[in-house]
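These notes concern the structure reproduced below.
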Amino acid sequence: HKWNVFQDVREARELLGATDRSLSILNALLSFHPETTLSGGGELIVWPSNEQLAARANGMPATTLRRHIAVLVDCGLVIRRDSPNGKRFARKGRGGEVEQAYGFDLSPIVARAEEFKELADAVRREKKAFRVAKEQFTILRRGIVKLIELGITERVPGNWVRIQESYQALVSGLPRSAPRQLVEDVCVDLHAICSE
């Protein structure tokens, strides 16, 4: 199903080098193909004009449109099939069947569907691992703050000032948009503080 593959491409866009705007063009290109299920055996070329494409891409300016089409080509998501004069069109036979088409070939969407699914799954796994690491960090952080407060107010023997300084140094050194590995490393250090 072309929209399932598109969803996978959207999930994996950063790994593929695609942008949100280029994906809006891909979405528009896919909408020009009448079938919802694309197969390797069929004709997968669509030939919208820039005006039609811009209209389906929410009125994107022509220069921006061309730039994002180039991104799609560079990412290997579509292939240009240019006519000798550079126009996009289809030549139909007697029965109305398309004999030859010039435009954008969507066959990479079919050919690379499994690759896109694997990339999207990897992105989803990484997002989940990152979410788990952030949750663990939040739980540890709250626990340590409560532990320090309890130790100070209940006068439990221990060097609470040093523990609080160690905690503050760890937490303040963590950037707001820290990568997962850094969050996990800080969690290991916070566990060490808890065990003191």
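The values are calculated or read from the model by the stated rules, or taken from the named source; none is laboratory data. The shown structure was predicted, so the numbers you read here are calculated from the model rather than taken from an experiment. Counting neighbours? That spans all protein chains shown, and the Cβs are built from the backbone with ideal geometry, glycine included.
Go through segment 128-157 and give me each residue that's charged (D, E, K, R) and either modelled with pLDDT of 90 or more or in contact with a Phe, Trp or Tyr (Cβ under 9 Å, 6 or more places away or on another chain) (or both).
Within segment 128-157, LYS128, ARG131, LYS134, GLU135, ARG141, ARG142, LYS146, GLU149 qualify.
Looking at (1) assigned by TED's automatic domain parsing to the domain that holds LEU38; (2) modelled with pLDDT under 90, find the lone condition where TRP160 falls short.
That leaves (1) as the condition not met.
Name every residue in segment 84-98 that is assigned to a loop (DSSP other than H, G, I, E, B), surrounded by fewer than 19 Cβ atoms within 10 Å (Cβ to Cβ), in contact with a strand residue (DSSP E or B) (Cβ under 8 Å, 6 or more places away or on another chain) and among the basic types (Lys, Arg), in order of residue number.
Matches in segment 84-98: LYS87 only.
Looking at ALA111, ALA101, ALA120, ALA129, which one is within 22 Å of the chain's Cα centre (by Cα) and surrounded by 17 or more Cβ atoms within 10 Å (Cβ to Cβ)?
From the options ALA111, ALA101, ALA120, ALA129, the qualifying one is ALA120.
Within segment 70-83, take every residue that is touching a residue at least 24 places away in the same chain (Cβ under 8 Å) and in a helix (DSSP H, G or I) and give me the one that is farthest from PHE32 (Cα to Cα).
Per the criteria, the residue is ASP74.
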